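K.L.:
What follows is a single structure, and I will ask about it in a moment.
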Amino acid sequence: MKFRATLTGFSAILMWSFLALLTVASGKMPPFQLLAVCFAIGSIPGIVVLLLRPERLQLLRQPAKVWITGIAGLFGYHFLYFTALRHAPAVEAGLIAYLWPLLIVVGSALLPGERLRWYHILGALMGLAGTVLIVGRNGFHFEGAYAVGYGAAFLCAFTWSGYSLITRRFEAVSTDVVTIFCLATSILSFFCHLGLEETIWPENMAQWIAVLGLGLFPVGAAFYAWDYGVKNGDIQILGAASYTAPLLSTLILTLFGFAEPSWGIALACLLVTGGAVLAAHRMILRRGDAEQTRAEAAE
């Protein structure tokens, strides 16, 4: 059960790795407009399930803290992320924002039943080092003039790690609630769009397909999978493995011709992959021992 849930959570990381490619392919739609549309699409599968199985509506009766945590997590993260990109260079803002996997690994020690091991920390640090190589491949230029953007990026990292850790404490809460989180995030993003941006729609069918893909996967199914994974899987492994998202994203962009291959990316690949395997090695070994025991029992 825990192994399967961890794999489900990792599927969210895989979907997030396509976020950059699909965003580039979606055209020039402003960020909050894109979020409003994509989260609206992302809420549709959940709404369909609730319509087909109305008995699940009772699962939406949750305390206010569940709704506050979920909506603040999804909307707050994206609002702070785009604020950071508006007020600081993308490279530095992105690197700071990607402290959230490390914060999840370290913060997980505060959760009931969890123990932080040296290999969790080392695996997360290896992932962070790989991310530094990817995000900072053209150099870093931290300047005081971008303090607002840097601050927003830090808050962004704490928001998503806090959301993930708190969600773990809501393990009895059904993943159906993510439907409402997505819908609320769409509505809040729409109001931000009205106040901050000019409306621009996709220019052709290819761009509309990219928007649909974003809504169904990286900005849709990924959040359902992540919710299930952090509630039922190994959150420390998921935290360390989350550093594979920027790596895979860079590799995918390179494959499609939007980035240039380099030795730095190869080294980052070794660091991130090695860190994820190190953080997960005990769980992988336990899985292997369990399968061997079952095989021996069957003989």
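The values are calculated or read from the model by the stated rules, or taken from the named source; none is laboratory data. What you see is a predicted model, and the numbers here were worked out from it, not measured in a lab. Virtual Cβ from ideal backbone geometry, glycine too; neighbours counted across all protein chains shown. Ligands, DNA and RNA are excluded from the accessible area calculation, which covers all protein heavy atoms including side chains. Shrake-Rupley method; radii C 1.70, N 1.55, O 1.52, S 1.80 Å.
K.L.:
So which of Ala184, Ala129, Ala109 is open to solvent by less than 70 Å² (accessible area, probe 1.4 Å), within 30 Å of Gly264 (Cα to Cα) and either part of a loop (DSSP other than H, G, I, E, B) or hydrophobic (A, V, I, L, M, F, W, C) (or both)?
P.N.:
Values: Ala184 fails: within 30 Å of Gly264 (Cα to Cα); Ala109 fails: within 30 Å of Gly264 (Cα to Cα).
The match here is Ala129.
K.L.:
Determine whether Leu85 is touching a Lys or Arg at 6+ places or on another chain (Cβ under 8 Å) and either at pLDDT 90 or above or among the hydrophobic types (A, V, I, L, M, F, W, C) (or both). Quick ask: steps written out before the conclusion?
P.N.:
Values: touching a Lys or Arg at 6+ places or on another chain (Cβ under 8 Å): no; either at pLDDT 90 or above or among the hydrophobic types (A, V, I, L, M, F, W, C) (or both): yes.
Taking the combined requirement at face value, the residue does not satisfy it.
K.L.:
Need pairs with beta-carbon distance below 6 Å; first residue under 13 Å from Ile235 (Cα atoms) and in a helix (DSSP H, G or I) and within segment 154-170, second open to solvent by 30 Å² or more (accessible area, probe 1.4 Å) and at pLDDT below 90; sequence gap 6+ or separate chains.
P.N.:
Listed pairs, sorted by first residue: Ser161/Leu103.
K.L.:
Inspect segment 46-59 for any residue being surrounded by fewer than 22 Cβ atoms within 10 Å (Cβ to Cβ) and closer than 30 Å to Gly151 by Cβ and give the result as yes or no.
P.N.:
No - not one qualifying residue is present in segment 46-59.
K.L.:
Every residue in segment 83-95 that is more than 21 Å from Trp226 (Cβ to Cβ), out of contact with any Asp or Glu (no Cβ under 9 Å at 6 or more places or on another chain) and either free of Cβ contacts under 8 Å to residues at least 60 places away in the same chain or surrounded by fewer than 22 Cβ atoms within 10 Å (Cβ to Cβ) (or both), please.
P.N.:
If the condition is that a residue be more than 21 Å from Trp226 (Cβ to Cβ), out of contact with any Asp or Glu (no Cβ under 9 Å at 6 or more places or on another chain) and either free of Cβ contacts under 8 Å to residues at least 60 places away in the same chain or surrounded by fewer than 22 Cβ atoms within 10 Å (Cβ to Cβ) (or both), then Thr83, Leu85, Arg86, His87, Ala90, Val91, Leu95 are the ones that fit.
K.L.:
State all residues of segment 1-55 that are charged (D, E, K, R) and part of a helix (DSSP H, G or I); if no residue qualifies, say none. So that I can check it myself, show each step before the final result.
P.N.:
Looking only at segment 1-55, we keep the residues that are charged (D, E, K, R), and these are 2, 4, 28, 53, 55.
Once the filter is applied, which keeps residues that are charged (D, E, K, R) and part of a helix (DSSP H, G or I), segment 1-55 yields Lys2, Arg4, Glu55.
K.L.:
Pairs please, first residue from segment 50-62 and under 14 Å from Val173 (Cβ atoms), second anywhere and part of a loop (DSSP other than H, G, I, E, B), Cβ atoms under 7 Å, 6+ apart in sequence or on different chains.
P.N.:
Arg56/Asp176; Leu59/Ser174; Leu59/Asp176; Leu60/Asp176; Gln62/Val173
K.L.:
Still on this model: Within segment 6-45, which residues are in contact with a Gly (Cβ under 9 Å, 6 or more places away or on another chain), hydroxyl-bearing (Ser, Thr, Tyr) and either open to solvent by 40 Å² or more (accessible area, probe 1.4 Å) or within 23 Å of Gly70 (Cβ to Cβ) (or both)?
P.N.:
Thr6, Thr8, Ser11, Ser43
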